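Structure incoming, see below.
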Amino acid sequence: MTKTLTIAAVLALSPLNAWADANCFVPMADWQPREAVARLAEENGWQVRRIKIDDGCYQIRATDAQGRRIEVTVQPATLEVLEFEIDD
């Protein structure tokens, strides 16, 4: 009985964990500063138009070296690029 309840609890919480990972829920004390995000963009050759916070992630709107508009979602604590979109 206990084993069944444990498995059911894990399965019930799994969708919540997946949703939380996708939305960058990190305590503000652990965030890298905005200047670090700007440096990340510069190192990648992106011309920043805007840096904002969306769903707990940093979101960079920029132009890449080929002049294409891009939107990059970055994890705020590690500055890991989570999503990279080229706007057409």
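Short version: ³J(HN,Hα) in whole Hz for each residue of region 25-30, in order, from phi by Karplus 6.51 cos²θ - 1.76 cosθ + 1.60 (θ = phi - 60°), x for Gly and Pro, what are they?
Those phi angles translate into 6, 10, x, 4, 4, 9 Hz.
Taking H placed 1.01 Å from N in the peptide plane, check which residues at least 5 places from Ile70 or on another chain put their amide H under 5 Å from its amide H.
Close amide H contacts, sequence-distant or interchain: Ala62, Thr63, Asp64, Asp87.
Hey, another quick one. Using the Karplus curve 6.51 cos²θ - 1.76 cosθ + 1.60 with θ = phi - 60°, work out ³J(HN,Hα) for each residue of region 71-77 in order, rounded to whole Hz, and write x for Gly and Pro.
In residue order, the calculated couplings are 9, 10, 9, 10, 5, x, 8 Hz.
We did not get these values from a lab; they are worked out from the coordinates using the rules stated. The structure displayed is predicted, hence computed values, not measured ones.
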